[in-house]
Amino acid sequence: MALSLVLAIALAGCSGNPFKSLSILSVSINPTELPPEGGQVQIVVDATRGDEAVARVTRYGDWLFFVSYTVRLAEVTAIDLEKKRWKGTIDFPPNHTSRDQRYIIVVTVRDDHKQDQRIKEVIVRTREANRSG
């Protein structure tokens, strides 16, 4: 009896809590602003459970949206047995325009046929904004 309880807890820890519905608990992106040269940001996603996590990056302008790319996040061990964690990095290109470049990041965690999403933003500054700031 005690052994089966330990195994159930261990299995729950490996896949998040199977008794909770799928929900993203937090999304952390650091940094959220980059210099004109662009650069890399780190993303960390915690969810109650899930099979995979991806981040879809879209750059947008005044009225146009440009789908750039999708990044699959790697599952890592979370210290808290009640959740699952994914991490990854996203590379942003330099900004050669006269305006800040805004990027929308749609983070999606999937589990079977269910999913949950969160939206975050990253800005790649323009050289003019850096000189005036």
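The values are calculated or read from the model by the stated rules, or taken from the named source; none is laboratory data. Since this is a predicted model, take the numbers as computed values, not measurements. For neighbour counting, all protein chains shown are included, and Cβ atoms are generated from backbone atoms with ideal geometry for every residue, glycine included.
Restricted to strands (runs of 3 or more DSSP E) entirely inside segment 19-133, those with at least 2 residues that are in contact with a Leu (Cβ under 8 Å, 6 or more places away or on another chain) are 39-47, 52-60, 84-92, 101-111, 114-124. Within segment 48-66, residues that are modelled with pLDDT under 95 sit with their Cβ atoms under 6 Å from residues that are among the acidic types (Asp, Glu) and crowded, with 16+ Cβ neighbours inside 10 Å, at 6+ positions apart or across chains, in these pairs: 49/111; 50/111; 51/111. Let me spell it out: the conditions are (1) within 20 Å of the chain's Cα centre (by Cα); (2) surrounded by fewer than 15 Cβ atoms within 10 Å (Cβ to Cβ); (3) modelled with pLDDT of 95 or more, and residue 27 meets all of them except one. Which number is the exception? Going through (1) within 20 Å of the chain's Cα centre (by Cα); (2) surrounded by fewer than 15 Cβ atoms within 10 Å (Cβ to Cβ); (3) modelled with pLDDT of 95 or more one by one, residue 27 breaks only (2).
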